[in-house]
Number of protein chains: 2
Amino acid sequence: MNPYESLESTFKRLSALNNAQGILQWDQATMMPAGAAEPRSEVLAELSLMRHEILTDPSLADRIEKAESEALGPWQHANLAEIKRHHLHSTTIPGDLVEQLVLAESDCHATWLEAKPANDFKRLAPKLEALFALKREEANIKSEFMECSPYEALLDQYDPGRRTPQVDSLFADLSEFLPGAIEEIVEHQAKSGPVIEPQGPFGIQQQQVLSEQVMEVLDFPFSRGRLDTAAHPFSGGASGDIRITTRYEEDDFMKSLMAVIHEVGHALYEDGLPVEWRTQPVGESRGMTLHESQSLLLEMQAARSEEFIRFLTPRLRQIFAGQGDAWEPDNIVRLYRRVKPGLIRVYADEVTYPLHVIIRYQLETAIINDDIPVAELPGAWNELMDRYLGVCPETDTDGVMQDVHWSAGLFGYFPTYSLGALTAAQLFSKAKADDPRLLPGLSEGNFKPLFAWLDDNIRSKACLYSADELIERASGSSLGADAFKSHIRARYLA
Amino acid sequence: MNPYESLESTFKRLSALNNAQGILQWDQATMMPAGAAEPRSEVLAELSLMRHEILTDPSLADRIEKAESEALGPWQHANLAEIKRHHLHSTTIPGDLVEQLVLAESDCHATWLEAKPANDFKRLAPKLEALFALKREEANIKSEFMECSPYEALLDQYDPGRRTPQVDSLFADLSEFLPGAIEEIVEHQAKSGPVIEPQGPFGIQQQQVLSEQVMEVLDFPFSRGRLDTAAHPFSGGASGDIRITTRYEEDDFMKSLMAVIHEVGHALYEDGLPVEWRTQPVGESRGMTLHESQSLLLEMQAARSEEFIRFLTPRLRQIFAGQGDAWEPDNIVRLYRRVKPGLIRVYADEVTYPLHVIIRYQLETAIINDDIPVAELPGAWNELMDRYLGVCPETDTDGVMQDVHWSAGLFGYFPTYSLGALTAAQLFSKAKADDPRLLPGLSEGNFKPLFAWLDDNIRSKACLYSADELIERASGSSLGADAFKSHIRARYLA
């Protein structure tokens, strides 16, 4: 076995461990009896340790170096680059810092679980301080190896190659455009007819039927996947075994429906990755911006199109025995597109959502650059909410403590939500232009033209190119905010 | 870390891989979409390879040797003995033979799946020949290392320490006793009132309710376990996470009910193993004879007792809205205890069952000793069936090809079914004598006295003693056939 082949074999083993963990984690959230939590954590921790040992095996650096002088095809070349990246992210941080981080994250997360409902930021603050100090240490060490800024070193874990000047410029564009657009849209929507809420309760069983029907329409391959119920919707499982979850609320069928469509977007991306590279890093999805683009393209672009809603409405009416004006397509369209600045990110519509992300991005870059003391975070949060969205939380529960991310040590994750939204708009716009059957297809519940385009341009490419190169090859232009802004204008201000 | 501690740490890792495989295999049989079969096999194969590499790590023999001169407590001492046994079973066979065996087993099993329904033994024969030759090779190599006969070397994998002179003598006892006893019982049962079959269909949902109710009665800890549906009933899962399955047939509720009780017996054994030894070999169950004793003790001894059936009958009647004589306790007792020689082992009653096992034991020892050509197996099978049970299969489908074991390379497994039945009778008899509240308890659905006895005497002991020592300590006498024979006489001939 030459060095490159031996690397493929090492990463095949890592992939087996990843896939085992994927199923164990899915099981933990859906099937596992509550009392098995502790032994399950121990098993997952041991598998993680095995992965870490494989990635930090001293022979790996040597084999990578040797493989770099081999003659490799383009996929192998890209695979080697990914192998190098995984190795780098695993080896730069000393073992004792890794351990301290795991402990601090778990401690901070546990405190957050109690401090958030109690609106007790003071209790959380010292835990955040300790965790942030360690994250800064991690970011600083990595940034030296990676020749980038500390924040970029964290961002790179979720969105390989992403750098802040580009994010700053895209977010500046959005933060200039959105507040005014929101004002206009709210005014515009106030003038149009009132939105009538369909009245529940909407039976869980009927909602399940709706989920399955919509998944059939979305060509979800049930022979290689499942739908289950969990506390939070997610897409997981293993290679060739895509599993999504949702949760049902009796007074609102929309939430679960849109969660299902969102997660199907994630799952179909995984399902469309090249089978022949299934066990290798190059065969994985191309980071969180791309992943989020695939879920938002389905949820926000396609599923909220007039075409699809007109296809969907009679089916909703039938499943829930809906009668009257509330179930007319025009009303459902308005229902799905209400824009209103609010306090909570996860309930936000697609127009206000990026401002939530921008606020978090500004604060988390300041945290990593050590530009803001923890004690000042709640005030800074409230000020930014007021500035960008014109609303101000009355509690830290609904303010700076609302998200789990920082308490779990996740820095650099937030921007990918909105970069994903920009990417989704840009890809959908190009896909419609490339195939005029695409949009009419949606009005018949036919996603095949859209999915053929996504298969060709995104899913089948895995990690062959960088995220930005992939977006540019697929859409014909580099990642920008124009497509998203046009989409907002066309949908909400036309 | 001293050598013994480093062994514990190595086997903790093995346990994590075992547990991961346990959940992945459970998932494969219950939840996994069919199309994920191939990638799942790849993941399981890679995890098996990792286990094999850990067990054959050259440093292991050295660490074991060093640990043997350490001062160890009784549990650690027993743990070291188990570690040595696992190491021995993994290292004696050369890698290329392991690989040949895996291939031959999978090839033979695949052929069996088609040859059995087609009643085509000729097609299966060459695959059996190839596989048997490899099994003989495996048995011969192991027997040298283990200083036992080739067949014993295979038996040892399922029932550590078990040797054939004891099995021969127990089975000789049974094969002398049973044919005459069966004749008497059949005559006796013909004279007593006719058995009335309750008429179905018995709804799947009602059968599920019955399963859950019975599991509640059996104190099944749903906080640490699950019940699901699979093609074949089994007990699996992971440490601290016991998962059983059953299958439902609409024309017969008894099959599923008894399968559930049987699997609960297996599962409660696992659940009662000492938590502090959860990740170590000494904390595992003490082989298949003990395991089968725990399932049969519940299914055959306790659940078919008059006491329990009288407790159960009103519940059956309620769940299935049963009316008339068929649902009277006396009839249900007779229904549960019908004895009739038949062709198929898995449908056999507890009286005829050991004869099925004895036939297989005689043939498989002959196969491993190379005393019988494959071509003669069907004839020898039919002759033995006629001799011991007085019935003769008309096809090899219902004859020599009925079981998967030999086509899957499982030799030495069959005897543990009946050794388990003997053990169950012996343990139950002693438990009843030790605690006079035990049997009356069953008539109120109270299994606590029985389970307290099993916890103290069996479950909590794990692998601290050998199987025979454990049985002797628990029951006060060495493993024999007397308790079983007394049980048969008392239940069927009183």
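The values are calculated or read from the model by the stated rules, or taken from the named source; none is laboratory data. Just so you know, these numbers come straight off a predicted model, no measurement behind them. Note that each Cβ is placed from the backbone with ideal geometry, even for glycine, and that neighbours are counted across all protein chains shown. What goes into the accessible areas is simple: the full protein's heavy atoms, side chains included, and nothing from ligands, DNA or RNA. Shrake-Rupley method; radii C 1.70, N 1.55, O 1.52, S 1.80 Å.
Before moving on, here are some points about what is shown:
- For B:S9, the test of being modelled with pLDDT under 95 and surrounded by fewer than 17 Cβ atoms within 10 Å (Cβ to Cβ) is failed.
- Filter result (of a type in the set (G, A, S), farther than 18 Å from A:E376 by Cα and open to solvent by less than 20 Å² (accessible area, probe 1.4 Å)) within the stretch A:400-415: A:G409, A:G412
- Only residues that are small (G, A, S) and over 18 Å from A:H77 (Cα atoms) were counted across the stretch A:262-286, and they come to 3.
- Helices (runs of 4 or more DSSP H) completely within the stretch A:225-337 that count 1 or more residues being within 14 Å of chain B (Cβ to nearest Cβ): A:253-271
- The listed residue being farther than 26 Å from A:I488 by Cβ and not hydrophobic (A, V, I, L, M, F, W, C), out of A:G324, A:G287: A:G324
- Matching helices (runs of 4 or more DSSP H) fully within the stretch B:29-134 where at least 2 residues are surrounded by 17 or more Cβ atoms within 10 Å (Cβ to Cβ), free of Cβ contacts under 8 Å to residues at least 60 places away in the same chain and within 14 Å of chain A (Cβ to nearest Cβ): B:37-55
- Condition check for A:D371: exposed (fewer than 14 other Cβ atoms within 10 Å of the Cβ) and outside any helix (DSSP H, G or I): yes
- Cross-chain or 6+ apart pairs with Cβ under 6 Å, the stretch A:4-19 first and away from chain B (no Cβ under 11 Å) and of a type outside the set (A, V, I, L, M, F, W, C), then open to solvent by less than 20 Å² (accessible area, probe 1.4 Å) and part of a helix (DSSP H, G or I): A:Y4/A:A67
- Test: residue in the stretch A:174-191 that is open to solvent by 30 Å² or more (accessible area, probe 1.4 Å), assigned to a helix (DSSP H, G or I), free of Cβ contacts under 8 Å to residues at least 60 places away in the same chain and touching a Pro at 6+ places or on another chain (Cβ under 7 Å): no
- Residues located in the stretch B:427-442, provided they are more than 17 Å from the chain's Cα centre (by Cα) and open to solvent by less than 50 Å² (accessible area, probe 1.4 Å): B:F428, B:A431, B:D435, B:L438, B:L439, B:G441, B:L442
- Candidate set from the stretch A:338-363 (those that are charged (D, E, K, R) and part of a helix (DSSP H, G or I)); member that is modelled with the highest pLDDT: A:R360
- Within the stretch B:203-224, restricting attention to residues that are within 24 Å of B:Y347 (Cβ to Cβ) and part of a loop (DSSP other than H, G, I, E, B), the residue that is nearest to the other protein chains (Cβ to nearest Cβ) is B:L218.
- Pick from the stretch A:197-234, criterion open to solvent by less than 40 Å² (accessible area, probe 1.4 Å) and of a type in the set (S, T, N, Q), ranking: farthest from the chain's Cα centre (by Cα): A:Q207
- The condition of being surrounded by fewer than 17 Cβ atoms within 10 Å (Cβ to Cβ), out of contact with any Asp or Glu (no Cβ under 8 Å at 6 or more places or on another chain), at pLDDT below 95 and under 30 Å from B:L316 (Cα atoms) holds for B:P194.
- Scanning the stretch B:295-335 for residues that are farther than 22 Å from B:Q189 by Cβ and surrounded by fewer than 22 Cβ atoms within 10 Å (Cβ to Cβ) gives B:F311, B:P314, B:R315, B:R317, B:Q318, B:I319, B:F320, B:A321, B:G322, B:Q323.
- Of all residues in the stretch A:437-446, at least one satisfies being among the small types (G, A, S), within 19 Å of A:Q301 (Cα to Cα) and either not assigned by TED's automatic domain parsing to the domain that holds A:K340 or not in a helix (DSSP H, G or I) (or both).
- Residue within the stretch A:355-367 that is among the charged types (D, E, K, R), open to solvent by less than 30 Å² (accessible area, probe 1.4 Å) and free of Cβ contacts under 8 Å to residues at least 40 places away in the same chain present: no
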